[in-house]
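A single structure is presented below for examination.
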Amino acid sequence: MIRRYLTEVVLDEASPYYDVVIIGAGVSGLYLAAGLPRHYKALVLSKDSLSVCNSQLAQGGVALTLNGELSGHIEDTLAAGAYVNDLRVVKAMISESESVLSRLIVYGVDFDKNEGNELNMTMEGGHKKRRIVHSRDTTGMALMEALIRQVEDRENLDVLEHAFAVDLISDDYGILGVSYWMNGEMHCVASNTVVLATGGIGGWFSRTTNAPVVTGDGLAMALRAGVPLRDAAYIQYHPTAFKLKAGGYFLISEAVRGEGGFLINSDGKRFMKGLHPLMELAPRDVVAKAIHDQMCAGSKVFVDVRHLSAGFFETRFPNIHKVCVENGIDPRVTPIPVEPVEHYHMGGVMADSVGSTAIKGLFVTGETAGTGFHGANRLASNSLLECMALSERILRTLDVEAPKRRILANYKASPKTNASSGQAGISKFALCEIFDSALPLVKHSEVLEAALKKIKASFDEIEEAPLSEPKAFEVYNGLQVAKALILDALTIKTSIGSFVIE
Ligand code: SIN
């Protein structure tokens, strides 16, 4: 049985109170924090140092529609998502493009411009026109730098690094606060407005573009508080990741194909010809599966940029060029070997188009949110748009409803047992193996069933042992997330979008 709280939680009149608590400090969390009115006192909890997050690694850019003609962007989002997106949410997110860009320009984000000083829009998979603003090939870094500058300046914000949020504290009337672990001890803060912005789940996969710190903690916290996930089984594999000498994977942005890069196999053939009218720029699920099929047939796959004009690649993609060269590949003379790896979770904590959840006062934004924006496969660069569009919409909601502290006498709850400190009943390594084997690009129901059995056995082992330190919290969260994803995957009998079952 899944417990409600991982540790004892206590709230009373002496507990610190914040108007808003934001859990997570990637682009979605910091955009929200930076946009809060200055009379809001807010706490931001960052699991690691600021800038250790997925947002920092984002390359391609932010998909935006700036001319008011939303229909093209909407249609591309739906087509990529296999038309199971929530149309109302898709319209709402894309409609925020202008507000998001205006705020980023005020914050001084250094977007690439053309000779006429207009934003230089790039192209990525699934888009039928250029609509992605970017800062060379390190857009995430540029956004994070600007947002960190903003939050550092704000007296109304307390930002805590290495603060591991453990539980959402709630009663039948709504959210009451958050418990977190920092400097070896647990703390509880009171707040009637809490925003989950903890990112996705990629840290559980050995082959991923994600930062290891991203382990679905927000999803598990929401599940324990009784908020369900939406689209839990929809996980996106990015088609083109480059294996680093030191281990791990580095993204070769889709923008490389958007700017003319080809995909070739070991025979030098452009195998996407005939598979999709957009060829290398087909939606990500189509390209990832085509590469997977090439690899299953014994071929290697490469991103080839040798035909691009001299000087273009290293100027437009300086970071990708540098990392490739450091790892023994000069893309100007040698095609870059690539393979599909886990990249993004379309599923998330069930929320509406303003990030509101089933618990009053609990909001969710960015990759943690399950709003139906992405359907069964996210359109390229709609993730950074979602991070900021949804935070923008939450900010607007908060503006109207200035938070008032809900009268609370005392709240105390603990796990059923008071036995001494316990560990989660499975090692982190073994749990990673479960994610890798049960949730690869192509899934099999018998493997999903077997993984579910292992997860249930682990839960049985840890039921009575209270948890006391971050590794154990993380593993417990991971078990909960794996269970939710696998249960959902077992209900889907035919392939759709990024969800492939054989
Ligand atoms: C990329 O640059 O290919 C990734 C962008 C995204 O995840 O949308």
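Under unit Cβ charges (Lys, Arg +1; Asp, Glu -1), what dipole magnitude, rounded to 20 debye, does the chain have relative to its Cα centre?
680 debye
Taking K412 as the anchor, which lysines have their alpha carbon closer than 20 Å to its alpha carbon, excluding any fewer than eight residues away along the same chain?
K412 reaches K360.
Shifting gears a bit: Rounded to whole Å and sorted largest first, what semi-axes of the equivalent ellipsoid does the C-alpha gyration tensor of segment 38-77 yield via the square root of 5 times each eigenvalue?
Working from the Cα gyration tensor, I get semi-axes of 32, 18, 8 Å.
Let me ask another. What is the gain in length, in nm to one decimal, between D330 and Y173 on full extension, counting 0.36 nm per residue of separation less the C-alpha to C-alpha distance?
Working it through step by step, the gained length comes to 50.6 nm.
Here is a follow-up. Please compute the net charge surrounding I94, taking Lys and Arg as +1 and Asp and Glu as -1 over other residues with Cβ under 11 Å from its Cβ.
The answer is -4.
So, one more: Stokes-Einstein at 25 °C, 0.890 mPa s, Kirkwood radius from Cα pairs: D for the chain in µm² s⁻¹?
107 µm²/s
Here's a follow-up. Go through segment 70-79 residue by residue and turn each phi into a ³J(HN,Hα) via Karplus (6.51, -1.76, 1.60, θ = phi - 60°); whole Hz please, and just put x for glycine and proline.
6, 4, x, 5, 4, 5, 5, 5, 5, 5
Just need the Rg to Rh number for segment 302-367, please, alpha carbons only, Kirkwood Rh.
Answer for segment 302-367: 1.31.
Here is a follow-up. Using label points projected 7 Å from each Cα along Cα→Cβ, tell me how many nm separate T315 and N183, to one decimal.
With each label point 7 Å from Cα toward Cβ, the separation is 5.1 nm.
Work out how far the C-alpha atoms of segment 10-161 reach from end to end along every principal axis, then list the three figures in whole Å, largest first.
56, 38, 26
Turning to a different aspect of this structure: Given a Förster distance of 51 angstrom, what is the FRET efficiency for K300 paired with D48, based on the Cβ-Cβ distance and rounded to 0.05?
So the FRET efficiency works out to roughly 0.90.
FRET efficiency for E69 and I105, Cβ-Cβ distance as r, R0 = 22 Å, nearest 0.05?
0.60
Still on this structure: For q values of 0.12, 0.17, 0.21 Å⁻¹, compute log₁₀ I(q)/I(0) with the Debye formula on a Cα-only model of segment 216-334, without solvent.
Log-scaled intensity ratios, in q order: -0.54, -0.90, -1.20.
Measure up K128/K273; K128/K289; K47/K243; K243/K453 against 23 Å on the Cα-Cα distance and list the ones that go over.
K47/K243; K243/K453
For segment 114-269, just run the numbers: alpha carbon Rg, then divide by 2.2 N^0.38 Å, N being how many residues it has.
Here the Cα radius of gyration is 1.36 times the empirical estimate.
Please give every one of the lysines within straight-line cross-link reach of K269, meaning a C-alpha to C-alpha distance under 16 Å, and leave out same-chain neighbours fewer than 8 residues apart.
K300
Let me ask you something else. Give the residues of segment 192-215 whose amide nitrogen is closer than 20 Å to a point set 7 Å from the Cα of D436 in the direction of its Cβ.
201-215
Within 10 Å of each candidate Cβ there may be at most 10 other Cβ atoms; applying that plus a DSSP loop requirement, which GluC sites (Glu not before Pro) in segment 150-256 survive?
Passing both the DSSP loop test and the Cβ count: E155.
Every number in this text was worked out from the coordinates using simple rules, so none of it is lab data. These numbers come from a predicted model, not from an experiment. Every residue, glycine among them, receives a Cβ derived from its backbone with ideal geometry; neighbour counts consider all protein chains shown.
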